[in-house]
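Take a look at the structure below.
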């Protein structure tokens, strides 16, 4: 169980008495009642949680007197969430819970210019605060952008590779050949990899997926602004669960391996175990990974071979052929 839920369990009586709007919890928990509301970026939680889930762009559930926000790992996302709360639930009592080593101890200082914060409880190396906005939250629309080649990359706060091209993706792009067929990208982030691949070939068709709703919105805008919407589709997907069972010529990924504060490999390992089902015979899987990540050992016997194509500054590029 995530430690933030362990802290909140100490307040079960009051949380059970009223309907709560839960915002971006790390996992499901029985404190989330059927009559509660849920706003989540996580596709897996959206599909399987007890309350009716909505995305930030949907109409938020009304009539909920308490909001519980889970302090986000990406600090840029905190103001964005607080801005969403101010717009959609301005009269609700707001509580914020998070892990100490995730930055929640600096919460009061971070929001001091526009809010009043009071600490309610601490346990399991976590803290619970009340939060009341006293002014306008400086969140705005929240888009971050940067230039990559001839295109502008768009990203919402907290999305991977939101302000520059990361080293792993840069090495991958510098190594990849030109692909002309059907491409699937797992973990699309801001859309920089998808945009680059489509710009290399007029005949390439690309499907991009991510479990993070904000990443899906970011990639979609990046590809729309670049003029690639007619050759692409972007899916909000828990792994490959939302991808139609069809065969692609190439799968490409800079696989994500962090969830919350703790390192978490399971979603990416699941992708490597299952991805052969989406690759045509003779098709290829390309990926970049840190030196310490051994995804090649997770691949099944369906792949004829796997070789290392490049090694540079702590990153390795691999190719596997089915």
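Any read-out appearing in this document is the output of simple, stated calculations on the displayed coordinates, not a laboratory observation. What you see is a predicted model; the values in this text were computed from it and never measured. Cβ atoms come from the backbone with ideal geometry, glycine included; neighbour counts cover every protein chain shown.
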Over the chain, the sum of -39500 (n - 2.57) across DSSP H runs of at least four, divided by residue number and rounded to 500 deg cm²/dmol, gives at 222 nm -6500 deg cm²/dmol
Assertion target for 178, 288, 94, 116, ordered by fewest C-beta neighbours within 10 angstrom first, is 178, 116, 94, 288
For the chain, longest principal axis from Cα atoms; helix 75-88 axis from its Cα atoms; angle between them, nearest 10 degrees, is 60 degrees
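Over region 147-234, what per residue volume does the convex hull of the Cα atoms give, in whole Å³?
Taking only Cα atoms, region 147-234 has a hull volume of 81 Å³ per residue.
Quick one: order 216, 111 by neighbouring beta-carbon count within 10 Å, fewest to most.
Numbers: 216 25, 111 22.
Ordered from fewest to most neighbouring Cβ atoms within 10 Å, 216, 111 come out as 111, 216.
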In whole angstrom, largest first, the equivalent ellipsoid semi-axes that the Cα gyration tensor gives for region 71-225 are 37, 16, 12
Packing-ranked peptide list from 298-308, 38-48, 186-196, highest mean Cβ count within 10 angstrom first, is 186-196, 38-48, 298-308
Check: C-alpha center region 277-322 vs C-alpha center region 178-194, spacing in Å is 16 Å
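For the residues 1, 32, what sequence is obtained by ranking on other C-beta atoms within 10 Å, fewest first? Walk me through the numbers on the way to the answer.
Numbers: 1 10, 32 21.
In increasing order of surrounding Cβ atoms, one gets 1, 32.
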For the chain the mean separation of alpha carbon contacts under 8 Å (6+ apart) over residue count, i.e. relative contact order in percent, is 12 percent
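Need one number: the % of Cα-Cα pairs in region 185-322 sitting beyond the 22 Å mark. Walk me through the numbers on the way to the answer.
On the way: 3470 of 9453 pairs.
I get 37 percent for the Cα pairs in region 185-322 exceeding 22 Å.
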Cα extents of the chain along the principal axes, largest first, in whole Å, come to 58, 39, 36
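Any idea what diffusion coefficient region 47-95 gets from Stokes-Einstein, in µm²/s, Kirkwood Rh on alpha carbon pairs, 25 °C, 0.890 mPa s?
Numbers: Rh = 11.9 Å.
My calculation gives 206 µm²/s for D.
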